[in-house]
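Step one of this worksheet: look at the structure below.
A short reminder: the numbers here are calculations on the coordinates, not readings from a lab. No experiment lies behind these values; they were computed from the predicted model shown. Every residue, glycine as well, gets a Cβ built from its backbone with ideal geometry; the counts of neighbours run over all protein chains shown.
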Amino acid sequence: MMPIISISKLSKTYTSGFTALRDIDLAIERGEIFALLGPNGAGKSTLINIVCGIVTPSSGTVLVDGHDIASAYRAARRAIGLVPQELTTDAFETVVNTVSFSRGLFGLTPNPAHIERILRALSLWDKRNSRLMTLSGGMKRRVLIAKALSHEPRVLFLDEPTAGVDVELRQDMWRLVRDLRQQGVTVILTTHYIEEAEEMADRIGVIRRGEIILVEEKAALMRKLGRKQLTLHLQKPITAVPPDLSDYELAVAGDGSELVYTYDTRAERTGITGLLTGLAAAGIRFNDLHTEQSSLEDIFVGLVREERAQA
Ligand SMILES: Nc1ncnc2c1ncn2[C@@H]1O[C@H](COP(=O)(O)OP(=O)(O)OP(=O)(O)O)[C@@H](O)[C@H]1O
């Protein structure tokens with residue numbers, strides 16, 4: 001089947017002369033949840049804005065559900081729901097009117113039953129007659145999603161959906177995204193958070209300095225990313241890892257004052273309990289400990305190094 005979004009040879013150089021995207025090729029499959037990961041300024045918003053017709057590409061083509069965003073803009077745009085990061089609509093308007101109005105913008109006839117379904121799914125039904133200005137930040141976010149879904153899009157773009165939201169809303173969002181996929185909607189989300197991609201995505205694309213450096217099934221990528229380090233600050237320095245603990249991935253650091261254990265957060269057992277018991281048996285005591293997980297930035301560096309090594 002044809003991908004729901006086909007991006008080929010897409011580049012964007014802003015009028016400032018800055019090239020935000022270089023030669024992007026990407027196919028998004030129907031019904032998948034695709035997470036686009038990347039650090040600040042990597043080009044995520046530029047890419048989404050081009051697909052949604054907000055930014056004009058310098059070169060390349062984008063097809064949305066078979067419609068070219070340049071020559072068949074309206075049809076392409078109608079297939080897309082975009083959830084921006086901020087609400088910019090009339091603060092005095094009510095929830096239900098705002099959402100219904102969004103649908104009207106796409107030239108569709110009113111469908112109160114559909115609007116009700118969305119508002120209920122987003123726990124907004126009780127607030128349907130509230131004015132936007134009276135809503136909490138979390139509720140406003142829900143309104144943004146409701147607006148984006150008002151015209152029954154085939155593809156939903158979520159730009160940083162859970163940046164700065166509380167745990168409850170985050171989980172509601174994740175649930176909603178899964179429900180949407182069940183209904184056949186393709187979801188593309190951008191995020192800085194590995195956890196979010198891990199929780200939701202079927203596939204993950206990593207963008208860095210305007211280039212897609214990797215697209216992979218989540219499971220495969222997570223195996224690479226799921227490493228974490230536990231550092232123990234020892235009471236007395238050691239010179240080597242005790243032989244009894246050689247089964248653990250341990251390294252001596254900090255001139256012998258630290259012991260660093262690397263483990264897989266996704267493994268059934270992290271081995272930490274056994275390690276601590278083993279340390280006690282070996283008479284090694286510690287007065288402090290901390291854990292560290294690679295940041296996205298570190299992972300990028302790792303990935304890029306790996307790519308270079310393979311080249
Ligand atoms: N209108 C513009 N003119 C010039 N440069 C721009 C413009 N918009 C964005 N850029 C630059 O393009 C690069 C990519 O920006 P973009 O917003 O796409 O990144 P992003 O990955 O979405 O980042 P963030 O996570 O911070 O939103 C950045 O360096 C940004 O400064």
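Length available on full extension from PHE106 to ALA219: 0.36 nm per residue minus the Cα-Cα distance, which gives 37.0 nm. Let me make sure I get this right: for the range 187-247, a, b and c are the square roots of the gyration tensor eigenvalues over alpha carbons, sorted descending. Under 1.5 in a/c it's rounded, otherwise prolate if a/b > b/c, else oblate. Which is it? Cα axes put the range 187-247 in the prolate bin.
Output the 0 to 90 degree angle, nearest 10, between the alpha-carbon long axis of helix 167-182 and the longest principal axis computed from the alpha carbons of the chain. That works out to roughly 60 degrees.
When only alpha carbons are used to place a centre, the range 1-53 and the range 86-132 end up 29 Å from one another. Non-local lysine pairs in the chain, meaning eight or more places apart or on different chains, with alpha-carbon distances under 18 Å, amount to 5. Extension gain for ALA280 to ASN40 (0.36 nm times residue separation, less C-alpha to C-alpha distance): 82.1 nm.
Listed values for the range 10-16 are Karplus-derived 3J(HN,Hα) couplings in whole Hz (6.51 cos²θ - 1.76 cosθ + 1.60, θ = phi - 60°), namely 8, 10, 9, 10, 5, 4, 5, and x replaces Gly and Pro.
Between the Cα long axis of helix 95-105 and the first principal axis of the chain there is an angle of about 70°, rounded to the nearest 10. At full extension, GLU93 and ARG209 could sit 37.8 nm farther apart than now, given 0.36 nm per residue minus the alpha carbon distance. The VAL252 and GLN183 beta-carbon pair, evaluated with R₀ = 45 Å, returns a calculated FRET efficiency of approximately 0.25.
Here each label is just a point 7 Å from Cα along the line to Cβ, and for SER130 and SER8 those points are 4.8 nm apart. The eigenvalues of the Cα gyration tensor, multiplied by 5 and square-rooted, give the range 1-81 an equivalent ellipsoid with semi-axes of 20, 15, 11 Å from largest to smallest. Applying the Karplus relation 6.51 cos²θ - 1.76 cosθ + 1.60 with θ = phi - 60° to the range 275-284 yields 3J(HN,Hα) values of 4, 5, 4, x, 5, 4, 4, 7, x, 9 Hz, where x marks Gly and Pro.
If the Kirkwood radius is taken over C-alpha pairs of the range 227-293, then at 20 °C and 1.002 mPa s the Stokes-Einstein diffusion coefficient equals 179 µm²/s. Computed over neighbours whose Cβ is under 15 Å from that of LEU232, the net charge equals -2, Lys and Arg +1, Asp and Glu -1. Label-to-label distance, GLU268 versus THR15, with points set 7 angstrom from Cα along the beta-carbon direction: 6.1 nm. When +1 charges are put on Lys and Arg Cβ atoms and -1 charges on Asp and Glu Cβ atoms, the dipole computed for the range 227-293 relative to its Cα centre reaches about 120 debye.
The calculated FRET efficiency for ALA72 paired with SER123, based on their beta-carbon distance and R0 = 35 Å, is about 0.45. Centre-to-centre separation between the Cα atoms of the range 149-188 and those of the range 236-263: 44 Å. Residue-wise HN-Hα couplings along the range 183-188, as the Karplus relation 6.51 cos²θ - 1.76 cosθ + 1.60 with θ = phi - 60° gives them from phi, are 7, x, 7, 8, 10, 10 Hz; Gly and Pro carry x.
The dipole here belongs to the chain: it is taken about the Cα centre, uses +1 on the Cβ of Lys and Arg and -1 on the Cβ of Asp and Glu, and is about 1060 debye.
The mean of 1/r over all pairs of different alpha-carbon atoms in the chain, once inverted, gives a Kirkwood hydrodynamic radius of 22.1 Å.
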